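Worksheet for the structure shown next.
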Amino acid sequence: MVDTKLCVFEYVYFARPDSIIDGSSVYNARIEAGRRLAIEHPVEADLVIGVPDSGVIPAIGYSMESGIPYGNGLFKNTYVGRTFIQPNQKQRDSSVRVKFNPLRSEIEGKRIIMIDDSIVRGTTTRRIVRMLKSAGAKEVHVRISSPPVKYPCHFGIDTPSRNQLVASTSPTEDIRRMIEADSLGYLSIEGLLKTPVGVRCGLCTGCFDGRYPIEITNNNIQETENNIEMT
Ligand code: SF4
């Protein structure tokens, strides 16, 4: 039997939520990620919201497990392209401001749990936390539906180099301070691997634990202009 390793980020972020990959539903995997996140990192709050698009389904899962209501606290301007394809930090920062709009009537005076799919550099998350606080959030608790990204990808996903990956250089408490959140919790690798129920192939977790499915040499590193870049 061939030992295969599918990119686990397909379930977290890349794939359409209505996809079934290798027999496992992406939608159900994201709900399960949110449920597990609520078990691993509970917190008292008034409302769970998701950062569109891929934070929304795990936010519903977090709400189902915790019993804390789910609400639409952030809306996405569909006329702006994906943040991560902006060529530099300044452009990424300004497009975050244009890209998301907080709904003050939902957020004001509340303790918010904000779910996102990942933190790469940390700057996008900080902008969204600030946005929620300026819309009147009393507290913002950030929960991430994947583990800390500490290592680069060599298989076509254009992650920044290790020194730009905030989780590679800083412990969680430092990242919490940097993004100005009241608390921060990531889904564990063990938890994430249990989310695609019924998946038959193996899963690559290289960017979380540095354990790549093949040996990385100069000959097999995928560095092309077509790499997909991560925020
Ligand atoms: S290293 Fe990370 S992004 Fe790259 S294939 Fe593996 S899980 Fe996916």
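The values are calculated or read from the model by the stated rules, or taken from the named source; none is laboratory data. Fair warning: this is a prediction, and the values are worked out from it, not measured in the lab. We place every Cβ from the backbone using ideal geometry, glycine too, and count neighbours over all the protein chains shown.
The table that follows gives values for the structure above.
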quantity	calculated
Residues of segment 31-60 classified as within 16 Å of the ligand (Cβ to nearest atom) and under 16 Å from G198 (Cβ atoms), total	1
Condition broken by L74, with the remaining ones in (1) of a type outside the set (S, T, Y); (2) over 14 Å from A137 (Cβ atoms); (3) modelled with pLDDT of 60 or more satisfied	(2)
Selection count, segment 26-38, where residues are touching a residue at least 60 places away in the same chain (Cβ under 8 Å) and either surrounded by fewer than 20 Cβ atoms within 10 Å (Cβ to Cβ) or assigned to a strand (DSSP E or B) (or both)	1
Filtered residues of segment 171-203 (kept if modelled with pLDDT under 95 and farther than 23 Å from A38 by Cβ)	R200, C201, G202
In segment 152-168, the residues that are touching a Lys or Arg at 6+ places or on another chain (Cβ under 7 Å), crowded, with 17+ Cβ neighbours inside 10 Å and in contact (Cβ under 8 Å) with a residue 40 or more places away in the chain	P152, L165, V166, A167
Test for D174: is it more than 19 Å from V51 (Cα to Cα) and without any contact (Cβ under 8 Å) to a residue 12 or more places away in the chain	yes
Unmet requirement for D22, which otherwise passes all of (1) within 16 Å of the ligand (Cβ to nearest atom); (2) more than 29 Å from P152 (Cβ to Cβ); (3) charged (D, E, K, R)	(2)
Residue that is surrounded by the most Cβ atoms within 10 Å (Cβ to Cβ) [pool: residues in segment 196-211 that are within 14 Å of the ligand (Cβ to nearest atom) and closer than 12 Å to Y11 by Cβ]	P196
Hits in segment 1-25 (condition: without any contact (Cβ under 8 Å) to a residue 24 or more places away in the chain, aliphatic (A, V, I, L, M) and buried (at least 17 other Cβ atoms within 10 Å of the Cβ))	A15
